[in-house]
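The values are calculated or read from the model by the stated rules, or taken from the named source; none is laboratory data. Everything quoted here is computed from the prediction, not taken from an experiment. Using ideal geometry, Cβ is built from the backbone for each residue, glycine included, and neighbour counts are taken over all protein chains shown. The protein model used for the area step is the full one, side chains on, heavy atoms only, and it has no ligands, DNA or RNA in it. Shrake-Rupley method; radii C 1.70, N 1.55, O 1.52, S 1.80 Å.
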Amino acid sequence: MGNPYKDAVVQLEDVTKYLNAPAYLIEQLKSPDKLIKKSLSVKMDDGSTKRFSAFRSQHDNSRGPYKGGIRFHLNVHRDEMKALSMLMTWKCAVVGIPFGGGKGGVVVDPKKLSRAELERLSRAYMRVFADHFGAWQDVPAPDVNTNAQVMAWMLDEYQKISVQRLASSVQNLSSPYAVLTGKPVELGGSQGREEATGLGGSIVLERLAKKLRLRRQYTTVAVQGFGKVGYWFAYFADRAGFKVVAASDSKGAVHVPKGLNPDLTLSCKKEKGKIAGCYCVGSVCDLKHGKAITNDELLELDVDVLVPAALEGAIHKGNAKKIRARAVLELANGPVTPEADVILRQRGIVTVPDILANAGGVTASYFEWSQNLSGYYWKKPLVFQRLREIMESAFDAVWGISKRKKVDLRRAAYILAVQRVLDAMKLRGTKKLTTVPLLRIVKA
Ligand code: NAD
């Protein structure tokens, strides 16, 4: 495995040649504004106390408060936090939402914790980082192995702390819900957040198909991963008229040439505990509709669009030459390694980068934050309509840059994002206010 932070810096350096940017500003963007490391002390069910390393990386807030998830995973480390917070800066900038980039994490295997231990860990995280969070300061969200319940515990802890310690900070008390996104709907979460990343990906696919002159009913799609993102993507892509012919989970994959029914496939997967064996077309699941294939075979299928929606590094230099899809839509974060990216590009395969393709999630987080601050909650159709406006406009902007500058979509997305951040930095004329960043109006 390469170093994700080094890769992120190389990616930034790569686009600077297309930008008229002073070197000192680019240098500032190579490192986070702040990387905070703390040690959490958590009481275990057996009465002992364990310590866990925890991080928050705040990359840049020139365009708005830091924004990014908190993950609980054994692989969490300093450079991963720095890289992922930088990617969040670019992701928010590419869709034009008024946030910067952040990321947090705890080095832990949450599967080894009881529910009560998980709650104490989540609360401990919020206790030690509370001074760094706030609706106008830094707004975390769920990430790998964290969810709406974890956000609910953290929100509750934050509110208790706010009352005790942050009473002087009026902004944090007046809009406490807006300190976190990805919350349960009952605690200020937004309608449509769960669907947003998959729906955003499907909207991008619609736009891409138009540009590549692919007719939806003949456009075949293979989806790696049938979790929150992969399932909702398949659901909306199917409804938009695309033919989802393959899907996988960690235990195997299915190939259903006539096009699978995402809803039935999900019910079947829940029943069997795996997707293998779920060949669901129309209103029936039947063995004659498809066959089981391996996860590697799914990636190598002769389809129009391949959608990695599971893991980092799924397409690497070992399999990039075998990819037969015409386009790759990156719904996972970092599913194509830098070496594989070069190979795909040389082979003429169009890749829509993660910072654009999966930005529907953070866009819905922006809607949640905005609803929390205004106290006015939107119905789901409005969330979807506004998501569509933002995703379409971001895709069109990236596509336009790619044509004008004759670069691939990844470079184009980075050019757009980095330029937007540089514009904000230049307008400020000085490096950073750390507490109340300028709020910009989004141009959908
Ligand atoms: P999830 O845990 O709900 O689903 C992951 C799916 O991938 C599961 O179906 C799992 O079985 C499958 N999987 C695991 N290993 C696999 C393998 N080797 N081959 C095939 N399938 C495999 O996670 P998610 O929320 O759907 O996130 C998926 C990806 O999207 C991650 O990279 C995540 O960082 C990224 N992402 C998620 C969101 C979001 O809103 N959830 C937003 C942006 C990016």
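Against the chain, whose longest principal axis comes from its Cα atoms, helix 148-164 is set at around 10 degrees. One equal scatterer on each Cα of the range 283-441, no solvent, Debye formula: the resulting log10 I(q)/I(0) at q = 0.09, 0.11, 0.20 Å⁻¹ is -0.43, -0.61, -1.27. Under the simplified labelling scheme, the Val107-Ser374 pair shows an inter-label distance of 4.4 nm, with each label point 7 Å from Cα along Cα→Cβ. To test your reading of the geometry: what angle, between 0 and 90 degrees and rounded to tens, separates the Cα axis of helix 409-428 from the longest principal axis of the chain? Helix 409-428 sits at roughly 20 degrees to that axis.
Pairwise Cα separations in the range 58-101 fall into 5 Å bins from 0 onward with the following percentages, short to long: 6, 26, 30, 19, 12, 6, 1. A cut-off of 5 Å between modelled amide H atoms, ignoring neighbours fewer than 5 places along the same chain, links Tyr279 with Asp286. Per the Kirkwood formula applied to alpha carbons, the range 195-357 shows a radius of gyration over Rh ratio, Rg over Rh, of 0.94.
Here the range 45-163 is treated as a Stokes sphere of Kirkwood radius computed over C-alpha pairs; at 37 °C and 0.692 mPa s its diffusion coefficient rounds to 226 µm²/s. Hydrodynamic estimate: the Kirkwood radius of the range 366-436 over Cα pairs, inserted into Stokes-Einstein at 20 °C and 1.002 mPa s, corresponds to D of 145 µm²/s. Other residues lying with their Cβ under 14 Å from the Cβ of Lys6 contribute a combined charge of -3, Lys and Arg counting +1, Asp and Glu -1. Heavy-atom accessible surface of the chain, averaged per residue, reaches 42 Å², computed with a 1.4 Å probe.
Only one residue of Thr265, Leu19, Ser31 has its Cα farthest out toward the positive end of the dipole of the chain, where Lys and Arg carry +1 and Asp and Glu -1 on Cβ, and that residue is Leu19.
Taking 7 Å steps out from each Cα toward its Cβ at Arg215 and Glu27 produces label points 5.8 nm apart.
Taking R0 as 45 Å, what FRET efficiency do you get between Lys43 and Val10 from their Cβ-Cβ distance, rounded to the nearest 0.05? After rounding, the FRET efficiency stands at 0.60. Averaging over all projection directions, the Cα-based convex hull of the range 230-278 occupies 3.0 nm² in the image plane. Computed on the range 195-357, with alpha-carbon pairs under 8 angstrom and 6+ residues apart, the relative contact order is 20 percent. Each residue of the range 379-395 was assigned a 3J(HN,Hα) from its phi angle through the Karplus curve 6.51 cos²θ - 1.76 cosθ + 1.60 (θ = phi - 60°); the sequence is 7, 4, x, 6, 4, 5, 5, 6, 5, 4, 4, 5, 5, 5, 5, 5, 4 Hz, with glycine and proline shown as x. A viscosity of 1.306 mPa s and a temperature of 10 °C, combined with the Kirkwood radius over C-alpha pairs in the Stokes-Einstein formula, give the range 170-290 a diffusion coefficient of 101 µm²/s. With the charge dipole of the range 195-357 set up from +1 on Lys and Arg Cβ and -1 on Asp and Glu Cβ about the Cα centre, the Cα lying farthest toward the positive end among the listed residues Ile315, Leu298, Tyr231 is that of Leu298. When +1 charges are put on Lys and Arg Cβ atoms and -1 charges on Asp and Glu Cβ atoms, the dipole computed for the chain relative to its Cα centre reaches about 720 debye. Inter-part distance, the range 293-329 to the range 348-418, computed on C-alpha centroids, equals 23 Å. Quarter the surface of the alpha carbon convex hull of the range 85-152 and you get the mean projected area, 5.1 square nanometres.
At q = 0.06, 0.09, 0.11 Å⁻¹ the log10 of I(q)/I(0) for the chain amounts to -0.24, -0.56, -0.85, computed by Debye summation with a single uniform scatterer per C-alpha, solvent ignored. For the range 99-111, backbone phi angles converted through the Karplus equation (6.51, -1.76, 1.60; θ = phi - 60°) give residue-by-residue couplings of 9, x, x, x, 7, x, x, 10, 7, 6, 9, x, 5 Hz, Gly and Pro being listed as x.
In this structure the amide hydrogen of Lys67, modeled in the peptide plane, comes within under 5 Å of the amide hydrogens of Gly100, Gly101, Gly102, Val139, none closer than 5 places in sequence on its chain.
With the convex hull constructed from alpha-carbon coordinates only, the range 310-350 shows a mean projected area of 2.5 nm² over all directions.
Share of carbon and sulfur in the accessible area of the range 195-357 stands at 48%, probe radius 1.4 Å. Couplings 3J(HN,Hα) for the range 34-48, derived from phi with the Karplus relation 6.51 cos²θ - 1.76 cosθ + 1.60 (θ = phi - 60°), are 8, 10, 9, 10, 9, 10, 9, 10, 10, 6, 8, 4, 7, x, 6 Hz, where x marks Gly and Pro.
Near the amide H of Ala325, within less than 5 Å, lie the amide hydrogens of Val303, all on another chain or at least 5 residues away, with H placed in the peptide plane.
Using only side-chain charges placed at the Cβ, +1 for Lys and Arg and -1 for Asp and Glu, the dipole size of the range 195-357 relative to its Cα centre rounds to 480 debye.
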